[in-house]
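S.K.: Just passing along the structure, written as structure tokens.
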Amino acid sequence: MIKISTLAIGLFFSTVAFAQDDLINKVIKNASLNSKFEFEDIIDLERTSVKSQGSAGTCWSYSGNSFLESEMIKKGKKPVDLAEVFAARYVYLGKARNYILFNGNLGLGDGAETHDVMNMLRKYGAMPQEAYKLEDYGKGIVKSDEFQAKFKEILETYIKNPSPTKGISWVKDINNYMDEKLGKLPETFTYQGKNYTPQTFAKEVVGINPDDYIEFSSYKDSPYFSKMVLPVPDNWSYDQVYNVPMKEMTDIIDYALTKGYTVAWSSDVSEPYFSWKNGVAFVPNVDDLYSIPDERRKTLFDGPSQEKIVTEDLRLEGLYSLYTTDDHAMQIVGLAKDQNGKEYYKVKNSWGETNDYKGYLYVTKAFVQLKSTGILLNKAGVPKNIKAKLRT
């Protein structure tokens with residue numbers, strides 16, 4: 001997910017996005033040299049190891065596939081290191097199609113949503129990392145910004161071609177380009193001595209039914225407990241989610257964790273009160289969250305402090321002012337408390353093991369209520385009283 005730097009024209013039209021490096025650089029200095037937070041895990045669900053997405057804006061695929069791996073563990077299966085670029089590649093193809101059909105009046109780039117991992121699983125299957133080994137995207141010689149620039153150039157060339165018989169030549173051109181830069185997708189592969197296609201691997205090894213999953217967000221100005229198109233730029237597929245009150249979003253997360261289900265979490269993290277280095281995010285009790293004095297910033301992460309009361313109006317204000325955007329996705333894997341007994345969600349990130357908690361951070365419920373753009377989880381992790389309110 002990529003931070004949006006200009007207003008969208010219409011609902012989902014052309015956008016300008018920060019690179020992932022810009023997002024990380026924006027929060028890297030949000031830290032205290034004398035942080036005294038102490039956390040005790042209350043719920044700590046099993047998951048796979050921390051990965052690094054490098055400079056690519058594919059956090060949605062890393063968090064979404066990590067979520068799938070945890071779902072495999074929950075079902076008693078041996079987890080597989082799933083290939084994040086497999087899902088990303090098919091998303092790029094889908095975004096290219098939309099770009100053509102909308103005559104270039106849509107954003108491109110790396111950004112997408114965690115539901116795209118489920119959508120690609122349903123449509124194309126899945127592949128283990130060992131079968132689609134590309135690790136360079138965003139990390140080595142394949143620079144994501146250069147990749148996306150050429151990707152767009154190919155599509156623009158097609159759009160500007162006036163020939164009525166040009167057909168769908170863009171499909172071959174885009175696939176050839178992705179073969180060159182991302183590696184050619186094998187039609188079949190061997191995993192633990194057995195041959196698979198991506199579809200048979202998804203069915204027989206991953207064993208996840210995408211229809212068993214549900215997504216939520218919270219917008220006060222839309223009907224609650226009904227579906228709506230998630231109004232964020234990276235929702236290129238215009239997927240619908242259930243709209244619930246802010247407080248019920250964290251109630252769902254709490255219940256899911258107690259039942260052993262992790263949660264794929266999409267959120268804004270480009271705020272001075274999100275510290276990747278110290279591994280803490282909370283909502284400070286200041287008058288103006290959008291203009292925190294430098295002196296106050298220096299001490300934000302010294303230790304636990306009182307939080308600002310988050311309201312539905314404050315949340316909506318952030319969404320409409322674009323101080324809350326869909327710039328990152330992670331996985332909620334547990335619940336913890338600090339030395340004062342305050343509860344935090346334990347979150348697995350995809351920026352490597354480069355912070356104080358080796359790739360994890362602790363996030364308050366108030367931060368999740370204020371800054372989340374969406375959550376995705378197993379339907380079995382939704383409380384019955386909330387399920388009963390949902391309108392189909």
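The values are calculated or read from the model by the stated rules, or taken from the named source; none is laboratory data. These figures come from a predicted structure and were not determined experimentally. Note: ideal-geometry Cβ built from the backbone for every residue, glycine included; neighbour counts use all protein chains shown. The protein model used for the area step is the full one, side chains on, heavy atoms only, and it has no ligands, DNA or RNA in it. Shrake-Rupley method; radii C 1.70, N 1.55, O 1.52, S 1.80 Å.
S.K.: From the Cα gyration tensor of segment 197-299, with a ≥ b ≥ c the square roots of its eigenvalues, which class applies: rounded if a/c is under 1.5, or else prolate if a/b is larger than b/c, or else oblate?
M.R.: Here segment 197-299 falls in the prolate category.
S.K.: Pop out the ³J(HN,Hα) list for segment 65-81 in order, Karplus 6.51 cos²θ - 1.76 cosθ + 1.60 with θ = phi - 60°, rounded to Hz; leave Gly and Pro as x.
M.R.: The phi angles translate into 6, 4, 4, 4, 4, 5, 5, 4, 4, 4, 7, x, 8, 6, x, 10, 6 Hz.
S.K.: Same structure again: Order these peptides, 295-305, 107-117, by their mean beta-carbon neighbour count within 10 angstrom, highest first.
M.R.: Put in order of decreasing packing, that is 107-117, 295-305.
S.K.: Before rounding to the nearest 500, sum -39500 (n - 2.57) across all DSSP H runs of length at least 4 in the chain and divide by the residue total; then give [θ] at 222 nm in deg cm²/dmol.
M.R.: -9500 deg cm²/dmol
S.K.: Now for a different question. Cβ neighbours within 10 Å, averaged per peptide: list 252-259, 368-375 in order, most packed at the top.
M.R.: With the highest mean Cβ count within 10 Å placed first, the list reads 368-375, 252-259.
S.K.: Just list whichever of K51/K227; K123/K194; K95/K348; K77/K259; K95/K184 have alpha carbons separated by over 25 Å in the model shown.
M.R.: From K51/K227; K123/K194; K95/K348; K77/K259; K95/K184, over 25 Å: K51/K227; K95/K348.
S.K.: Test of understanding: express the Cα radius of gyration of the chain as a ratio to 2.2 N^0.38 Å, with N the residue count. Numbers along the way, then the final one.
M.R.: Numbers: Rg = 20.7 Å, N = 392, 2.2 N^0.38 = 21.3 Å.
Normalised Rg, Cα atoms only: 0.97.
S.K.: In whole percent, and with a 1.4 Å probe on the protein chains, what portion of the accessible area of segment 231-283 is carbon and sulfur?
M.R.: Result for segment 231-283: 52 percent of the exposed heavy-atom area is carbon or sulfur.
S.K.: To the nearest 10 degrees, how steeply does helix 84-101 sit against the main Cα axis of the chain, on a 0 to 90 scale?
M.R.: It works out to around 70 degrees.
S.K.: Just tell me which aspartates and glutamates come within less than 13 Å, Cα to Cα, of K160; anything on the same chain fewer than 8 places away is out.
M.R.: Partners within reach: none.
S.K.: Would you please name the trypsin sites (Lys or Arg not before Pro) within segment 78-163 that are DSSP coil residues with at most 13 other C-beta atoms within 10 Å of their C-beta?
M.R.: Sites meeting the loop and neighbour criteria: K133.
S.K.: Can you list the residues, at least 5 places off or on another chain, whose amide H is less than 5 Å from the amide H of K51, using H built in the peptide plane?
M.R.: Here G352 satisfy the definition.
S.K.: Continuing with the same structure: Got a sec to turn the phi values of segment 184-193 into Karplus ³J(HN,Hα) couplings, 6.51 cos²θ - 1.76 cosθ + 1.60 with θ = phi - 60°, whole Hz, x for Gly and Pro?
M.R.: Here the 3J(HN,Hα) series is 6, 6, x, 6, 9, 7, 9, 10, 6, x Hz.
S.K.: If the limit is 32 Å between Cα atoms, which of K133/K220; K36/K143; K78/K379 go over it? Kindly include the intermediate steps, with their values, before the conclusion.
M.R.: Details: K133/K220 43 Å; K36/K143 38 Å; K78/K379 21 Å.
The answer is K133/K220; K36/K143.
S.K.: Counting only heavy atoms of protein chains, what accessible area per residue, in Å², does the chain have with a probe of 1.4 Å? Each step should come with its number before you reach the end.
M.R.: Numbers: 16940 Å² over 392 residues.
Here the per-residue accessible area is 43 Å².
S.K.: Near the amide H of Y191, under 5 Å away, which other amide H atoms are found, from residues 5 or more places off or on another chain, if H is placed in the peptide plane?
M.R.: The list, which skips near neighbours in sequence, is Y196.
S.K.: Taking every Cα atom in segment 215-254, find the radius of gyration and the maximum pairwise distance Dmax, and write them in Å.
M.R.: For segment 215-254, the Cα radius of gyration and maximum Cα-Cα distance read 10.1, 29 Å.
S.K.: Taking amide H positions as placed in the peptide plane 1.01 Å from N, state which residues far from I42 in sequence (5 or more) or on other chains have amide H under 5 Å from it.
M.R.: Those qualifying (amide H under 5 Å, at least 5 residues apart or on another chain) are L335, A336, K337.
S.K.: May I pose another question? Viscosity 1.002 mPa s, temperature 20 °C: Stokes-Einstein D of segment 114-236 from its Kirkwood Cα radius, in µm² per second?
M.R.: 119
S.K.: Once you wrap a convex hull around the alpha carbon atoms of segment 263-321, what is its projected area averaged over all directions, in nm²?
M.R.: So the mean shadow area of the Cα hull is 5.0 nm².
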